[in-house]
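Q: One structure is given below, represented as structure tokens, and several questions about it will come after.
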Amino acid sequence: MRFVNFQRFSYTETGVISGEEIISLRDSGLEDIRSVIARGPDGLDAVNGWVRRPPGGAVARLSEVKLRAPVLHPRKIVCVGLNYRDHAAEVDLEPPDVPTIFSKFPTAIIGPGEAIVLPRASNKPDYEAEFAFVISRGGRHIPAERWREHVFGYTCFNDVTARDFQMATTQWVIGKSFDTFAPMGPWVVTADEIPDPHSLDITLTLNGQVMQSSNTSLLIFGIPELIEHLSSVFTLEPGDVVATGTAAGVGVARKPPRFLRPGDEVVVSIQGIGELRNPVVAEAV
């Protein structure tokens with residue numbers, strides 16, 4: 001299944017994609033993706049039952065609604081730095097022995113079609129195509145071999161980064177957390193639809209030009225290792241989003257560098273998931 005958040009009236013609804021339609025869960029007793037996750041397998045069974053026999057008012061045309069980020073208020077956005085072998089090579093760094101972990105604030109989240117706003121304070125805004133997963137059952141000290149029990153689904157993510165702010169200190173959060181710097185979507189694809197998340201093509205185009213083209217097989221730390229490492233430190237919670245890092249081709253590593261500009265369009269594409277498309281605009285004066 002593909003879970004979305006969308007607007008067709010003045011409020012946000014959660015729904016499931018069915019062909020060219022969305023089946024809203026608004027009156028199903030499962031008001032958002034976190035409530036589905038909280039019920040475990042029973043939650044997905046309930047959604048399946050609702051989708052098979054939805055009331056008329058629950059059906060909306062996909063083309064007639066505005067999609068929002070599929071996870072709007074996660075308690076955590078956990079990010080992994082330097083986690084693709086090709087990206088480590090392009091920046092001339094050795095692959096790390098342990099994952100490099102940072103976070104983004106949830107206020108940075110936007111959905112498909114929403115604008116990435118380039119802040120007046122930064123001259124080096126960059127793109128980073130990323131494959132992200134959403135936690136289902138949380139916990140501490142989760143062994144790597146049990147990772148599948150803790151993944152609800154997958155989505156596209158763009159770890160937009162103000163490189164000048166990122167590199168000004170040894171702490172990255174400030175350069176990663178400008179408003180609109182966490183595009184996500186267009187939906188969350190449930191884990192059962194992606195048999196092997198470690199063999200997916202991932203690309204990013206900028207105004208139609210391919211800037212990043214890689215495969216999740218090049219991840220240094222895959223989902224099992226990340227879940228084990230993260231949960232050894234803090235509790236993973238249902239609905240947490242983990243962005244697994246970016247591949248080669250980022251703007252700062254190009255010669256000359258290519259940073260985001262007003263008028264650009266950025267598209268992150270991941271095999272089996274879909275496309276996350278966002279325009280780029282300047283911050284209003």
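The values are calculated or read from the model by the stated rules, or taken from the named source; none is laboratory data. Quick caveat: nothing in here was measured; it's all calculated off a predicted structure. All Cβ positions, even for glycine, are placed from backbone atoms using ideal geometry, and neighbour counts span all protein chains on display. Note: accessible area is taken over every heavy atom of the protein model, side chains too, but ligands, DNA and RNA are not part of it. Shrake-Rupley method; radii C 1.70, N 1.55, O 1.52, S 1.80 Å.
Q: Can you pull the one-decimal nm distance between simple spin-label points at residue 20 and residue 225, each 7 Å off the Cα toward Cβ?
A: Rounded to a tenth, the inter-label distance reads 4.5 nm.
Q: Against the globular-protein guess of 2.2 N^0.38 Å, express the Cα radius of gyration of the range 1-61 as a ratio, rounded to two decimals.
A: Working: Rg = 10.6 Å, N = 61, 2.2 N^0.38 = 10.5 Å.
The value comes to 1.01.
Q: What list of ³J(HN,Hα) values in whole Hz, one per residue of the range 170-178 in order, does the Karplus curve 6.51 cos²θ - 1.76 cosθ + 1.60 (θ = phi - 60°) give from phi, with Gly and Pro shown as x?
A: Computed from phi, the couplings for the range 170-178 are 7, 9, 8, 4, 5, x, 9, 10, 4 Hz.
Q: Once you put a point 7 Å from the Cα of residue 271 and another 7 Å from the Cα of residue 93, both along the Cβ direction, what distance in nm separates them?
A: Using points 7 Å along Cα→Cβ, the separation is 2.7 nm.
Q: Here's a follow-up. Search the structure for amide H atoms under 5 Å from the amide H of residue 212, placed 1.01 Å from N in the peptide plane, and list their residues when 5 or more places away or on another chain.
A: Residues meeting the amide H criterion: 204.
Q: Using the alpha-carbon centroid of each, what span in Å lies between the range 17-51 and the range 144-181?
A: Cα centroid to Cα centroid, the span is 27 Å.
Q: Size of the dipole of the range 50-178 about the Cα centre, Lys and Arg at +1 and Asp and Glu at -1 on the beta carbon, nothing else charged, in debye to 20? Show your work: numbers first, answer last.
A: Working: 17 positive and 14 negative charges, 195 e Å.
With only Lys, Arg, Asp and Glu charged at Cβ, the dipole is about 940 debye.
Q: Report the semi-axes of the equivalent ellipsoid for the range 123-255 in whole Å, largest first, where each axis is √(5λ) for an eigenvalue λ of the Cα gyration tensor. All intermediate terms of the calculation are to be shown ahead of the outcome.
A: On the way: eigenvalues 136, 66, 34 Å².
Sorted largest first and rounded, they come to 26, 18, 13 Å.
Q: Which one of 270, 109, 282 is farthest out on the positive end of the charge dipole of the chain, using unit charges on Cβ (Lys, Arg +1; Asp, Glu -1) and the Cα centre as origin?
A: 282
Q: Moving to a separate point now. At 0.36 nm per residue, minus the direct Cα-Cα distance, what do residue 61 and residue 121 gain on full extension? Give it in nm, one decimal, please.
A: Values: separation 60, 0.36 × 60 = 21.60 nm, distance 3.97 nm.
Extra length from residue 61 to residue 121 when fully extended: 17.6 nm.
Q: Still on this structure, I have one more. Using only alpha-carbon positions, what ratio does the radius of gyration of the range 184-282 give when scaled by 2.2 N^0.38 Å? List each step's numbers first, then the result.
A: On the way: Rg = 15.3 Å, N = 99, 2.2 N^0.38 = 12.6 Å.
Expressed relative to 2.2 N^0.38 Å, the Cα Rg reads 1.22.
Q: Name the residues whose placed amide hydrogens come within less than 5 Å of the amide hydrogen of residue 82, ignoring near sequence neighbours (fewer than 5 apart) on the same chain.
A: Hits under the 5 Å cutoff: 246.
Q: Give me the lysines in straight-line cross-link reach of residue 104: C-alpha distance below 26 Å, same-chain residues under 8 apart excluded.
A: Within reach: 66, 76, 124, 176.
Q: Still on this structure, please answer the following. With a 1.4 Å probe and all protein chains left in place, how much of the accessible area of the range 82-165 comes from carbon and sulfur atoms, in whole percent?
A: Working: 1770 of 3450 Å².
For the range 82-165, the apolar C and S fraction of the accessible surface comes to 51 percent.
Q: Something else about it: Taking amide H atoms as placed 1.01 Å from N in the peptide plane, list the residues 5 or more away in sequence, or in a different chain, whose amide H sits under 5 Å from that of residue 265.
A: The answer is 207.
Q: Now for a separate question. What part of the accessible area of the range 207-285, given as a whole %, is carbon or sulfur when the probe is 1.4 angstrom? It would help to have the intermediate numbers written out before the result.
A: On the way: 1780 of 3260 Å².
In the range 207-285, the share of accessible area belonging to carbon and sulfur is 55 percent.
Q: Within the chain, which is the longest segment that contains none of the chymotrypsin sites (Phe, Trp or Tyr not before Pro) sitting in a DSSP loop with at most 10 other Cβ atoms within 10 Å?
A: For chymotrypsin sites (Phe, Trp or Tyr not before Pro) (loop position, at most 10 other Cβ atoms within 10 Å), the longest site-free span of the chain is 12-285.
Q: Whole-Hz ³J(HN,Hα) for each residue in the range 73-83, computed from phi via Karplus 6.51 cos²θ - 1.76 cosθ + 1.60 with θ = phi - 60°, x for glycine and proline: what do you get?
A: Running phi through 6.51 cos²θ - 1.76 cosθ + 1.60 with θ = phi - 60° gives 9, x, 5, 9, 10, 9, 10, 10, x, 6, 10 Hz.
Q: Just to confirm the filter: which trypsin sites (Lys or Arg not before Pro) across the range 103-191 are DSSP coil and have at most 12 other Cβ within 10 angstrom of their Cβ?
A: Values: sites: 104, 120, 137, 140, 146, 148, 163, 176; in loops: 104, 120, 137, 140.
Sparse-neighbourhood loop trypsin sites (Lys or Arg not before Pro): 120, 140.
Q: Also, I was wondering about something else. So if I place +1 on the C-beta of Lys and Arg and -1 on the C-beta of Asp and Glu, and nothing else carries charge, what would the dipole magnitude of the chain be about its Cα centre? I want it in debye, nearest 20. Working shown, then result.
A: Numbers: 27 positive and 35 negative charges, 118 e Å.
My answer is approximately 560 debye.
Q: Excluding ligands, DNA and RNA, what is the solvent-accessible area per residue of the range 131-187 at a probe of 1.4 Å, expressed in Å²?
A: Numbers: 2130 Å² over 57 residues.
In whole numbers, the range 131-187 has 37 Å² accessible per residue.
Q: OK, next. Would the chain count as rounded, prolate or oblate if I go by the C-alpha gyration tensor, calling it rounded below 1.5 in a/c and otherwise prolate when a/b exceeds b/c, oblate otherwise?
A: Numbers: a/c = 1.86, a/b = 1.30, b/c = 1.43.
Here the chain falls in the oblate category.
Q: Right, another one. Give the Rg/Rh ratio for the range 179-241, taking Rg as the radius of gyration of the Cα atoms and Rh as the Kirkwood radius, to two decimals.
A: Numbers: Rg = 14.5 Å, Rh = 14.4 Å.
Expressed as Rg/Rh, it is 1.01.
Q: In debye, nearest 20, what is the charge dipole magnitude of the range 86-147 about its Cα centre with +1 on Lys and Arg Cβ and -1 on Asp and Glu Cβ, if you could check? Before the final figure, lay out each step's value.
A: Working: 6 positive and 10 negative charges, 115 e Å.
Dipole about the Cα centre, nearest 20: 560 debye.
Q: Just from its helices, what would the mean residue ellipticity at 222 nm be for the chain, if runs of 4 or more DSSP H residues each count -39500 (n - 2.57) and the sum is divided by every residue, rounded to the nearest 500 deg cm²/dmol? Working shown, then result.
A: On the way: 6 runs with 43 residues, N = 285.
The helix contribution divided over the chain gives -4000 deg cm²/dmol.
Q: While we're on this one: Between residue 149 and residue 282, what is the spin-label point distance in nm, taking each point 7 Å from the Cα along the Cα→C-beta axis?
A: Here the answer is 5.4 nm between the modelled labels.
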